[in-house]
Amino acid sequence: MSDSIGITREEALALLKEYIKNENLVKHCLASEAIMRALARKLGHDEELWGIAGLLHDLDFEETKEATSRHGVKTAQILKERGVCAEIIEAIKAHNAEGLGLERRSDFDHALAAAETVTGLIVATALVYPDKKLASVKVRSITKRMKKKDFARAVNREIIMECEQFGLSLDEFVGIGLEAMQDIHEALGL
């Protein structure tokens, strides 16, 4: 499988740790990977392909965070040089479609954007619980807080709603995302 993708998970994780020094950003990428793998299983797509995209989508973030018009472009260069398949590279660029003047077209594009965005809402919800644990969080708590614009203000609700573009309701999508993150709670420290 990794032959067609051009990179193994181990290589992708090493690359992530080479470029990302902020531990919370690494956790965000791990959470995005977990959700993407769960979505691929649910929707019948290549789990490795979708997972690697989730893991590497913010590879250049520390370098480009002040220049959203460049976020994803540097990652594309790095991955192209390493022989990573174009499908991953295009989905990674499309997750920042707004900043790059692109359009999300495929289920893969919409899934990556929605998955990496919903991680913020799920983490913010867990952090308001007394124990700050994902295990305590319920889907309803997340969807309720999504309606509160003053909660986790930086989380773009419109991007999360792109889950409908790949055939999932908000409740289904949040449920898949929450369960995927609960499965790796130790790595996330939640």
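Under a point spin-label approximation (7 Å from Cα along Cα-to-Cβ), what is the A124-A86 distance to one decimal in nm?
3.7 nm
May I ask for the angle, rounded to the nearest 10°, between helix 107-127 and the longest principal axis of the chain, with both axes built from Cα atoms and the value confined to 0 to 90°?
That helix lies at roughly 40 degrees to the long axis.
Over the chain, what is the relative contact order in percent, taking alpha-carbon pairs closer than 8 angstrom and at least six residues apart?
22 percent
Give the angle, between 0 and 90 degrees and rounded to the nearest 10, that separates the Cα long axis of helix 170-183 from the longest principal axis of the Cα atoms of the chain.
Tilt relative to the chain: about 80 degrees.
Compute the semi-axes of the equivalent ellipsoid of the chain, taking the square root of 5 times each eigenvalue of the Cα gyration tensor, and list them largest first in whole Å.
Semi-axes from the Cα gyration tensor: 25, 17, 17 Å.
Within the stretch 19-112, list the GluC sites (Glu not before Pro) lying in a DSSP loop whose Cβ has at most 14 other Cβ atoms in a 10 Å radius.
For GluC sites (Glu not before Pro) across the stretch 19-112 that sit outside H, G, I, E and B with at most 14 neighbouring Cβ atoms in 10 Å, the list reads E66, E103.
Report the gain in length on full extension from R105 to N24: 0.36 nm times residue separation, minus Cα-Cα distance, nm rounded to one decimal.
26.2 nm
If we count every other residue with Cβ under 15 angstrom of K21's Cβ, Lys/Arg +1 and Asp/Glu -1, where does the sum land?
-3
To make sure I understand the rule: partners must be aspartates and glutamates, Cα under 17 Å from the Cα of K132, and not fewer than 8 residues away in the same chain. Which ones qualify?
By straight Cα distance, K132 reaches E179, D183, E186.
Stretch R153-K132 to full length: gain in nm at 0.36 nm per residue minus the Cα-Cα span?
5.6 nm
Test of understanding: ordering F108, F151, F61 by Cβ neighbours within 10 Å, fewest first, what list do you get?
By the 10 Å Cβ count, ascending: F151, F61, F108.
Nearest 10 degrees, 0 to 90: what angle lies between the long axis of helix 47-56 and the longest principal axis of the chain (Cα atoms)?
90 degrees
Read-outs: derived from the displayed coordinates by stated rules, not from any lab. The structure presented is a predicted model; accordingly, all values stated were derived computationally and were not measured. Using ideal geometry, Cβ is built from the backbone for each residue, glycine included, and neighbour counts are taken over all protein chains shown.
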